[in-house]
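See below for the structure under consideration.
Quick note: the coordinates plus some simple rules give every number you see, no bench work behind them. Since this is a predicted model, take the numbers as computed values, not measurements. For neighbour counting, all protein chains shown are included, and Cβ atoms are generated from backbone atoms with ideal geometry for every residue, glycine included.
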Amino acid sequence: MEDSKTITKPKHIVLTSHPNSSRCNSPAINWGESDPLKRGPIVGTLVNSAHRNVIGTHSGSYSVYRALAVASGTLEPNHRPDLTNTAPIVPIGPHPSWTDPNLIVSLDPFGAMVGEVYSDLYQQGYDIRPTIAITKAHINMPELQDAVDKKRLAIDGKIIKNDGSLVVTKVAIDPVWYLPGIAQRLDIQESYLRRALFQQTGGMFPELITRPDLTVFLPPIGSITVYLIGDVAAITEPNRLLAVRVHDECNGSDVFGSDICTCRPYLVHGLEVCVQTAQAGGAGVIVYFRKEGRALGEVTKFLVYNARKRQQGGDSANAYFNRTECVAGVQDMRFQELMPDVLNWLGIKRIDRFVSMSDMKYNAIVESGIEIIQRIPIPEHLIPADAQVEIAAKKAAGYYTENTTEQDAIALAEIQGRGLAD
Ligand SMILES: Nc1nc2c(ncn2[C@@H]2O[C@H](COP(=O)(O)OP(=O)(O)OP(=O)(O)O)[C@@H](O)[C@H]2O)c(=O)[nH]1
Ligand SMILES: [Zn+2]
């Protein structure tokens, strides 16, 4: 570990709760402006408080680890990133959707191109950081290998390599919230939104209350990852097919293969549909949100699993959502209303194959002006035995299904999961 004595220690604390007009030299933000210079850069720097034009700082939830690194003396608080060679591997946008101040409100459309469009300001000393990064990778998943072995997917040397790995373009997106737009999307007053954000974070960001002039907030929440399969240009070309799966994090299933839900099997099915669509000349998009446990968190989710499996009569489909509500007070906190921003950022106007049964996702996307042609449910054979409870409860709650036979309350109660002792 670096000697903490070599790190510069700040001598006094600069409060950010009120503007210091004599020193303030921050660029204005005009959300929705098509010219990035007129729109203005997002400056969440902690190096020069006079340059700041947002509430909060960069890197989402990782800003807290940065604080630990500074506190422990391993990170110089004045470190300014060296962005040499970090530019996007492929360009995305600009698209017409970028200039509608109400269509994209939870990310910075120019977040990947700050090095290009704000280079002069960067040279002048403004600490302007990308909130979006675009790179390439080969991914290997056993289910995709199996699909190749069983000839459901073909090796083409371009999208699927000879060793069965999948070539993807991947995009990481940190949240950037335009507060007036977020309030409008959720149909609440901006002042209520600011007050709740301030109070419910234990007063973490006083500027939410004291600085109505600051309209952009960098919230300390999880990011979004997008996996693009096939030709990126095909995503916006009207005569080429597009497949999309929007997926919310479920670490237990996505990474560790837990069989209580359908998350990983549906995610992989989404990838398979994306590859097939890309190989037919279109493109595929997987959007992965860090909204673990329906944005209630994994602790809540595991508490719910116990409550489900210990309830009288066992884990049953008729009580599935109710158990979550008992623990969390709500069934869901994902706010799918904000989700379509990323699809609009990609310039998507039409989704030919939407790999999801969620009515909340479907409604949010369609309401944002994107057409959905076909909805693709998870194939029956991919549903793990213990996840029958989840899928039956979702269908009863209005999730999309091709099976039109309705389950009555008694039939739902009979769909049971494994006990905790098994
Ligand atoms: N709180 C809670 N969260 C759960 C439970 N089961 C699954 N989840 C979470 O629910 C979310 C499921 O997200 P998705 O896989 O995108 O699925 P979906 O929104 O139900 O809809 P589909 O697109 O049809 O799959 C993930 O964030 C899971 O972690 C549960 O019993 N309680
Ligand atoms: Zn899951």
| query | Remind me, relative contact order of the chain in percent, using alpha carbon pairs under 8 angstrom and six or more residues apart? | reply | 15 percent
| Distance in nm between pseudo-label sites at Leu382 and Asn306 (7 Å out along the Cβ direction from Cα) | 3.2 nm
| remark: For Asp149 and Thr74, extending 7 Å from Cα along the Cα-Cβ vector and measuring point to point gives, in nm, a value of 4.0 nm
| field | Anisotropy class of the chain from Cα gyration tensor, a/c 1.5 cut | value | prolate
| remark: Residue span Asn363 to Ala172: 0.36 nm per residue of separation minus Cα-Cα distance leaves a gain in nm of 66.3 nm
| message | Using alpha carbons only, how many angstrom separate the centre of segment 93-171 from the centre of segment 326-391? | response | 21 Å
| Pairs Lys161/Lys291; Lys170/Lys291; Lys150/Lys361; Lys38/Lys291; Lys361/Lys395; Lys161/Lys361: which are spaced more than 21 Å apart, C-alpha to C-alpha? | Lys161/Lys291; Lys150/Lys361; Lys38/Lys291; Lys161/Lys361
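How large is the helix-only mean residue ellipticity at 222 nm for the chain, computed as the sum of -39500 (n - 2.57) over DSSP H runs with n ≥ 4, divided by its residue count, in deg cm²/dmol to the nearest 500?
-8000 deg cm²/dmol
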| request: Count the DSSP beta bridges whose two residues both fall in the chain, then state the antiparallel fraction as a percent rounded to the nearest 5. | output: 60 percent
| query | What aspartates and glutamates sit close enough to Lys158 to cross-link, taking a C-alpha to C-alpha distance under 14 Å and skipping anything fewer than 8 places away on the same chain? | reply | Asp231
| field | More than 13 Å apart - percent of Cα-Cα pairs taken over segment 315-376 | value | 67 percent
| field | Paramagnetic reach from Asn403 in segment 323-367 [backbone N under 18 Å; point 7 Å along Cα→Cβ] | value | 356-359
| Radius 13 Å from Cβ of Glu237, net charge of other residues (Lys, Arg +1; Asp, Glu -1) | +1
| request: Mind giving me the nanometre distance, one decimal, between the label points for Asn30 and Lys161, set 7 Å out from Cα along Cα→Cβ? | output: 4.6 nm
